[in-house]
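Peer 1: My structure is below; once you've seen it, I'll send some questions.
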Amino acid sequence: MGKGGEQGGDSGEPAAQIRFYTWEEIQKHNLRTDKWLVIERKVYNVTKWANRHPGGQRVISHCAGEDATDAFQAFHINPTLVQKFLKPLLIGELAPGEPSQDRDKNSQLVEDFRSLRKAAEDMNLFRASPLFFSLYLGHIIAMEVLAWLMVSYFGTGWIATLILACILTTSQAQAGWLQHDFGHLSVFKKSSWNHIVHKFVIGHLKGASANWWNHRHFQHHAKPNIFKKDPDVNMLHIFVLGDTQPVEYGKKKLKYLPYNHQHEYFFLIFPPLLIPVYFQIQIISTMIRRRFWADLAWAISYYLRYFITYIPFYGVLGSLCLLTFVRFLESHWFVWVTQMNHIPMEIDSEKHRDWLSSQMAATCNIEQSFFNDWFTGHLNFQIEHHLFPTMPRHNFWKVKPLVKSLCAKHGVQYEEKPLGKAFVDIVGSLKKSGDLWLDAYLHK
């Protein structure tokens, strides 16, 4: 569109001159009260819209002042629908002489990644298998029924209760992986269907909040392993992560805990307490504070079903203890699987990299096997999941060779390791960060 280009046309508004902006100008608009972003060279002012953004206001704010084209494509399954909301926010375009990418990003890599995405779309890799997800939901419900049958038949002895707890833990962990699929809109073609089933799975099967999960998890996807943007690396001063944070803490003589022992106290704090304590408090307070009443109703339906099922066998206190024990077991499963792909990778402040490079720096894969696929909910393909969050997980293995060859072409590291080594690396990287902290604390 030339300088005298016009917009407005069909909306019946008076046609306006198109305004052109430079990256230098756009980058200034990354404040809480002033947010612009760029999608396909078009400049949008999202300041007022951010609070109404269905994915949460933080995730959209994290992209302020930069090119958000790839993030936009990664998260939205129905761009035409979203276009409707974007149109009124349009304020202009990048000036003709400006590059399409901000901050000297490798435009060839960005173009190649977009071609790869297009190829994946043409291969129908974003189309879900109804059979896969039906069977998956079926095996979760089957475990819930099996648990109830077991306690009805074998009674409430210690051994039966222990086996019951293991069955319930497995069904909870698997429901956790399944809610993640619906949260990412990777099952149905329509967003609304994904949202409804997501509320059922995370709410009725798990007693948690869909909005809480999405608003937290999308930030992690937009800016993985980036301090102040990815909530998953906000460790509340309990751990120091990566190579730079420990040194900063050390130099400032910050010692909330003896971080040189964090690889040891990790076992006492992180796996056992994340779900039963931290998430539990966060979920309930978020639903009430943010008035997520629909989510609260779904969560209440979970607790009603659970207590109606188990109070006749264990009483009120016994049922509460059983629930806490199941959450305690599930928490170990959840923490080891979710941390293995990210904690050993680069964790740092915002570097303004392109989509592929920022995701690859923060993510690694675990070797494929039937057990690993099931045990991790296909998060052993974390790289492919991070590059294409709306892709149904049963297709990750198909896109993987394309991703590997693109990384090889551009010299981007593609890391893959066995499950056991991935678990060991969590502890190893915590030890390394703790040692960096101690050195800076004592000598810098």
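Per-residue answers, yes or no, for (1) hydrophobic (A, V, I, L, M, F, W, C); (2) closer than 17 Å to Leu125 by Cβ; (3) assigned to a helix (DSSP H, G or I):
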site	(1), (2), (3)
Phe371	yes, no, yes
Pro389	no, yes, no
Lys400	no, yes, yes
Gln413	no, no, no
Val427	yes, no, yes
Trp437	yes, no, yes
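Peer 1: Which residues, counting only those in region 55-91, are under 25 Å from Ala120 (Cβ atoms) and of a type in the set (S, T, N, Q)?
Peer 2: Thr69, Gln73, Asn78, Thr80, Gln83
Peer 1: Could I ask something else about it? May I ask you to verify whether Val240 is in contact with a helix residue (DSSP H, G or I) (Cβ under 7 Å, 6 or more places away or on another chain), open to solvent by less than 30 Å² (accessible area, probe 1.4 Å), part of a helix (DSSP H, G or I) and among the hydrophobic types (A, V, I, L, M, F, W, C)?
Peer 2: no
Peer 1: Oh, and also: Got a sec? Which of Ser301, Ser331, Ser319 is in contact with a Pro (Cβ under 7 Å, 6 or more places away or on another chain), in contact (Cβ under 8 Å) with a residue 12 or more places away in the chain and assigned to a helix (DSSP H, G or I)?
Peer 2: Checking each option against the conditions leaves just Ser331.
Peer 1: Sticking with this structure for a sec: Does any residue of region 421-434 turn out to be more than 19 Å from Gln339 (Cβ to Cβ) and over 23 Å from the mean Cα position of the chain (by Cα)?
Peer 2: No, there is no match, as no residue in region 421-434 is more than 19 Å from Gln339 (Cβ to Cβ) and over 23 Å from the mean Cα position of the chain (by Cα).
Peer 1: Taking the options Ala362, Ala440, Ala408, name whichever one is small (Gly, Ala, Ser) and within 25 Å of His198 (Cβ to Cβ).
Peer 2: Of Ala362, Ala440, Ala408, the one residue that is small (Gly, Ala, Ser) and within 25 Å of His198 (Cβ to Cβ) is Ala362.
Peer 1: Looking only at region 13-61, which residues are assigned to a loop (DSSP other than H, G, I, E, B) and under 23 Å from Gln73 (Cβ atoms)?
Peer 2: Within region 13-61, His29, Glu40, Arg41, Val46, Thr47, Trp49, His53, Pro54, Gly55, Gly56 meet the criteria.
Peer 1: Exactly one condition in (1) open to solvent by 30 Å² or more (accessible area, probe 1.4 Å); (2) of a type in the set (Val, Ile, Thr); (3) over 30 Å from Ala64 (Cα atoms); (4) in a helix (DSSP H, G or I) is not met by Ile196; state its number.
Peer 2: (3) is the only condition that Ile196 fails.
Peer 1: On to the next question. Please list, ordered by first then second residue, the pairs with beta carbon atoms under 9 Å, 6 or more apart or interchain, first in region 107-123 and within 14 Å of Lys404 (Cα to Cα) and aliphatic (A, V, I, L, M), second open to solvent by 90 Å² or more (accessible area, probe 1.4 Å) and assigned to a helix (DSSP H, G or I).
Peer 2: Leu109/Lys409
The values are calculated or read from the model by the stated rules, or taken from the named source; none is laboratory data. The shown structure was predicted, so the numbers you read here are calculated from the model rather than taken from an experiment. Cβ sites come from the backbone with ideal geometry, for glycine too, and all protein chains shown count toward neighbours. Heavy atoms of the whole protein, side chains included, go into the accessibility calculation; ligands, DNA and RNA do not. Shrake-Rupley method; radii C 1.70, N 1.55, O 1.52, S 1.80 Å.
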